[in-house]
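As structure tokens, the structure follows; a few thoughts come after it.
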Amino acid sequence: MSAPYRSWIEVSRRRIAANFRAVRQLAGTDVEVCPVVKADAYRHGAVEVMRILTAEGARWLAVSSMDEGLTLRQAGATARILVMAEFLPGEREALLAANLTPVIHSLDDLRAFDHLAARAGATAAYHLKIDSGMGRLGVLAPPVEIARAVRAARSARLEGLMTHFASAADYTGVQTDIQIETFEAVLAALAAQGVSPPLIHLSSTIALAYGRRRAWRTMVRPGHALYGYVSPVRVRSGESAPVQELSVRPALAWKAALVLVKDVPAGARIGYGGMFRADRPVRLGILAAGYADGVPHRLGNKGRVIAGGQWAPIIGAVSMDVTTIDLSAAPDMRPGDAVTLLGTDGGLRQGAQQMARTAGTISYSLLCGISARVHRIYTD
Ligand SMILES: *Cc1c(COP(=O)(O)O)cnc(C)c1O
């Protein structure tokens, strides 16, 4: 296949739709699914993913910032949009104007949001995040104080209570169970004070995919799963892993063009620092993607890509704009041919989790790190 760009990703609309359907089927009709499209939908393109999910009937979307929410609104998003991370005090007005629903993380913010809504003459819904043990964003105040602040708000209406897990994939410990218990205790105390909003949500991909139903309540917030990934869980040795009940497939393939093919003699040193030394004559290929495109620098001398349906090891350092690969197993590759960094090629497949592990990082970081200069095309 000849390459249309130096480096590009191909995103399958059909896969994203199918993954969303699989998520909804598992969650069941009583649990609302709020797909997470933050960070430009983990680089799959938030606007296009919004369109795909809306066509599939998504009623909610979650993002991390006001900017991300505005981008979706400006592109015509009709779904409710939950802004999950903290927003800046100066952004509250724009949030209201664009009909974005904030997650509030402190009672001071709740009071400020209420004043703003009152001044705008609006009733504005918000979700409140409880810090149940993640120790990051979220309210830690005693439930009595929370209830007082919620009831005191005249124009801000509590629609959802949420929390987020720190170690959902770790089945060797009890942190997630403790977080659930802490959160449930807050819910019960709030209910006793007359505060019980309709939407209760704790779970992202892992708690959903491995069937931690106690944490599903009335809404779930999957991101990774939509794009085709479920991280493996850790279990104590000798114990059996929980069943992965969700089946999804990666929606993104990442490719780059070969820009040069050349033969170097035994003894040649390759790239910055001469990190690789050829112990035999090597046919090498220069790939038009480097760390500025998102290829992890730590794949130097240890990662691999797929060229002509064969594994092609990365040799030498990954540099800013190019990566050198060993084409010994695919000697017919020519400049202009496409090489696969992520996805399938011939009978081989490289997934983001596999590449991330080799680079000592996580698939989330790898996907989000595919840079803006990498073209994105959509396939059906
Ligand atoms: C990113 C995020 C999610 C989605 O997590 P995945 O593991 O990608 O499913 C859910 N909730 C919150 C608060 C998040 O920040």
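Observations on the structure shown:
- Listed by position, the strands (runs of 3 or more DSSP E) enclosed by segment 52-156 that each have at least 1 residues that are away from the ligand (no atom under 16 Å from the Cβ) and surrounded by fewer than 20 Cβ atoms within 10 Å (Cβ to Cβ) are 124-129.
- Of residues in segment 157-169 being out of contact with any Asp or Glu (no Cβ under 8 Å at 6 or more places or on another chain) and in a loop (DSSP other than H, G, I, E, B), the one nearest to Ala98 (Cα to Cα): His164
- Among the residues making up segment 66-100, those that are free of Cβ contacts under 8 Å to residues at least 40 places away in the same chain, more than 20 Å from Glu56 (Cα to Cα) and in contact with a strand residue (DSSP E or B) (Cβ under 7 Å, 6 or more places away or on another chain) are Met66, Val83, Phe87, Leu95, Leu96, Leu100.
- Members of segment 1-45 that are over 14 Å from the mean Cα position of the chain (by Cα) and either part of a loop (DSSP other than H, G, I, E, B) or at pLDDT below 95 (or both): Met1, Ser2, Ala3, Pro4, Tyr5, Arg6, Gly28, Thr29, Asp30, Val31
- Tally of residues being touching a strand residue (DSSP E or B) at 6+ places or on another chain (Cβ under 6 Å) and away from the ligand (no atom under 13 Å from the Cβ) across segment 184-215: 4
- Qualifying residue in segment 213-224 (condition: under 28 Å from Ala338 (Cβ atoms) and either of a type in the set (Gly, Ala, Ser) or surrounded by 13 or more Cβ atoms within 10 Å (Cβ to Cβ) (or both)): yes
- Residue within segment 259-277 that is more than 30 Å from Ala22 (Cα to Cα), in contact (Cβ under 8 Å) with a residue 12 or more places away in the chain and of a type in the set (Phe, Trp, Tyr) present: yes
Every residue, every condition in (1) without any contact (Cβ under 8 Å) to a residue 24 or more places away in the chain; (2) assigned to a helix (DSSP H, G or I), yes or no:
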| site | (1), (2) |
| --- | --- |
| Leu190 | no, yes |
| Ser196 | yes, no |
| Leu202 | no, no |
| Ile206 | no, yes |
| Arg214 | no, yes |
| Arg217 | no, no |
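- Remark: pairs (first residue in segment 357-380, more than 20 Å from Asp321 (Cβ to Cβ) and open to solvent by less than 50 Å² (accessible area, probe 1.4 Å); second residue among the charged types (D, E, K, R) and within 16 Å of the ligand (Cβ to nearest atom); Cβ separation under 9 Å; 6+ apart in sequence or on different chains) = Leu367/Arg43.
- Tally of residues being buried (at least 16 other Cβ atoms within 10 Å of the Cβ), of a type in the set (Gly, Ala, Ser) and over 16 Å from Leu199 (Cβ atoms) across segment 157-175: 3
The values are calculated or read from the model by the stated rules, or taken from the named source; none is laboratory data. Model, not experiment: these values are computed from the prediction. Because the Cβ atoms are built from the backbone with ideal geometry, glycine has one as well, and the counts that use them run over all protein chains shown. All accessible areas refer to the heavy atoms of the entire protein, side chains included, with ligands and DNA or RNA removed. Shrake-Rupley method; radii C 1.70, N 1.55, O 1.52, S 1.80 Å.
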